[in-house]
């Protein structure tokens, strides 16, 4: 029985980050099926890289977000933005708890949030999602997006102001 | 702005990755990794890495609950019921896996309930494989479908077991592992009696053996953690497990009695030995409980459940496949010792069935192998909500 630690570690990363990466992709592309595909592609590409570098990635979480972000950017360059109707048609995964009052309310809120996020530019949407969905700090966001922390903070503030206006 | 952030925070709870889909993608990932390493999936030992293997190409898209309900309404309960005993290649098989089992999954709310149900479905997949072999309908497509769907359940179970362990819920983890072991042990035994010159049968046999080896290893490790416990929670857990063991033995006995005429003598012997061993383990569990050895009582309760499940799956195999093609081995009862069993050495002796010392006729939680078990009632319940 031979151990394969790099594979084990990688799959443990999948177990831990699959859902967060999926959720990130969902709030970027507003399609559950596409978010699943992007999540899968993220991990496939991450493995391609990791297997070449003998599994040495210092911060796997940030690395995965970087890969996901690049895939989403590539996608947005190829396709036009989804219409509001397309977004509303794609509902989040319905759990049994969604039949409760709270579950239904959360789903309604998700749709409202998706509506507002869809009105932001892709770049603004990226930083808002990374900050408030994925809980990355500006430095980490800068690393993921290839920017710097100051620019990220400025973009974040402007995006939230726009959202604040829209949500009134 | 605060209003938006609050809504964003709440809306995140509505966005979840479906467990089936997570497991399927993990499959694809691992298959890709192994292929790049030039490894064969069927010979891969699951315990080398946590996770499972097959890339399921035939897979129904994950369904929204509203779509599921609409499908059930359109098909009617009769169709749903008729689909229950189908195998890959049958017209209604997609209803069984895409509708009935989806409903079943949705109706199990707790994680332990989901794990039990996943074990039942894993067992069903292996039953289907056995039926395909028996009917001469095993081909690369049906094998791929049933094997891949089996792997998805194993994947789900690995995820749930890992979660229980991470939450320090060793009792729940051990319960799941133990139940799975009983099921795998029985199917391993059945499949090993098929023609091993067929590479397709051989690869599935190898997979089940490897999975069983993994599960036994995990079970042993978890039992070690439980044995040393003596807290109040352990006493409750042990009592609960003993109650579940009583139900499992009672349920297995009921099933065997109901189908007694369909079993041949060898199968009856084989099953009786296991039921007796289960009853003995239960007795020992109660003795340990009285002595305050709660961890040991818990482990013995699990052992009793495992043996009862094994007996039931073996009996069910004979009922489904029939005497002519019975996969039961021809050895004498005293040689019926699984080489995978690392339980204390047991002498399997042919005796009259032990007296029933279990009260009640409550059904066990694991009814998946019952031929007459359908989701008819569950379907109707769902529509009435």
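Values in this text are rule-based calculations from the coordinates and carry no lab data. Source: prediction; values computed, not measured. So basically every Cβ, Gly included, is an ideal-geometry build from the backbone, and we count neighbours across all protein chains shown.
Which value in Å does the Kirkwood hydrodynamic radius of segment B:245-317 take, with 1/r averaged over all unlike C-alpha pairs and then inverted?
Details: mean 1/r = 0.0816 Å⁻¹.
That comes to 12.3 Å for segment B:245-317.
Its residue count N sets the reference 2.2 N^0.38 Å, and the alpha-carbon radius of gyration of segment B:107-210 equals 1.14 times that reference.
For B:290, B:269, B:196, B:20, what's the fewest-to-most ordering of other Cβ within 10 Å of each Cβ?
Values: B:290 9, B:269 17, B:196 12, B:20 21.
So the ranking, lowest neighbour count to highest, is B:290, B:196, B:269, B:20.
Every pair of different Cα atoms in segment A:101-168 enters the Kirkwood calculation, which places the hydrodynamic radius at 12.6 Å. The Cα atoms of segment A:1-82 define a convex hull whose projected area, averaged across directions, is 5.8 nm².
Between residue B:225 and residue B:141, the distance separating the two model label sites (each 7 Å from Cα on the Cα→Cβ line) works out to 4.4 nm. Kindly state, to the nearest 0.05, the FRET efficiency for residue B:232 paired with residue B:6, given R0 = 45 Å and r defined as their beta-carbon distance. The formula returns an efficiency of 0.65 here. Spacing of the modelled spin labels on residue A:12 and residue A:105, each 7 Å from Cα toward Cβ, amounts to 3.9 nm.
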